[in-house]
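Data first, discussion second: the structure below is written as structure tokens.
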Amino acid sequence: MVSDAEPVLLENPHHLYLDSRLRQLLQAYCAAYKRIILQAEHGGGYSGSRILEVRPIRADGLAELPAILKIGPINVIEREWQAYKSQVQFRLPNAVPVAEAPRFFPELKWGVLRYQLAGYGTYTLIGLSDYWRRPEV
């Protein structure tokens, strides 16, 4: 995972906790970008995974759509990917799509699954457990 390329600038305006493994993984996963803005962390974390909302900025300075990165142990990411393919993809309307197949980093024992957001700023993002706690549900 060592690269001669200039490292990706990780902007962390909300001071999210990033241990060295998570920093290294974000650097490797986001290597194609000039910078990544870490916009929020979404809770839950029952599996030991981290769920980060990021805004990728390309080398030409253009911002891409925000994304949700689920980052966690390889077996957790693989299980979610398989569940997505068998239970969600092409079956549930209005589900947030997975942007690409997960990427695994065996040397870190973690992987990343990227969900693509559309309509950014129109809706408030909340996790499923928070959704079910809402009084109107």
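The values are calculated or read from the model by the stated rules, or taken from the named source; none is laboratory data. Since we're looking at a predicted model, the values are computed, not measured. Virtual Cβ from ideal backbone geometry, glycine too; neighbours counted across all protein chains shown.
List of remarks:
- If you go through segment 54-65 and keep only what is under 14 Å from the mean Cα position of the chain (by Cα) and either among the β-branched types (Val, Ile, Thr) or buried (at least 19 other Cβ atoms within 10 Å of the Cβ) (or both), you end up with Val54, Pro56.
- A search for C-beta distances below 8 Å between a residue of segment 82-98 that is under 14 Å from Arg114 (Cβ atoms) and without any contact (Cβ under 8 Å) to a residue 40 or more places away in the chain and any residue that is in a helix (DSSP H, G or I) and of a type outside the set (Ser, Thr, Tyr), counting only pairs 6+ apart in sequence or on different chains, returns Val98/Trp81.
- Residue within segment 2-12 that is at pLDDT 90 or above, in a strand (DSSP E or B), within 13 Å of the chain's Cα centre (by Cα) and not charged (D, E, K, R) present: no
- Restricting segment 86-106 to residues that are of a type in the set (D, E, K, R) and loosely packed, with under 13 Cβ neighbours inside 10 Å, the residue that is nearest to Leu25 (Cα to Cα): Glu100
- When each of Ala67, Ala95, Ala59 is tested for being aliphatic (A, V, I, L, M) and at pLDDT below 90, the lone residue that passes is Ala95.
- Within segment 33-47, restricting attention to residues that are in contact (Cβ under 8 Å) with a residue 24 or more places away in the chain and in a loop (DSSP other than H, G, I, E, B), the residue that is surrounded by the most Cβ atoms within 10 Å (Cβ to Cβ) is Tyr33.
- Boolean, Glu41 is at pLDDT below 95 and farther than 25 Å from Arg79 by Cβ: no
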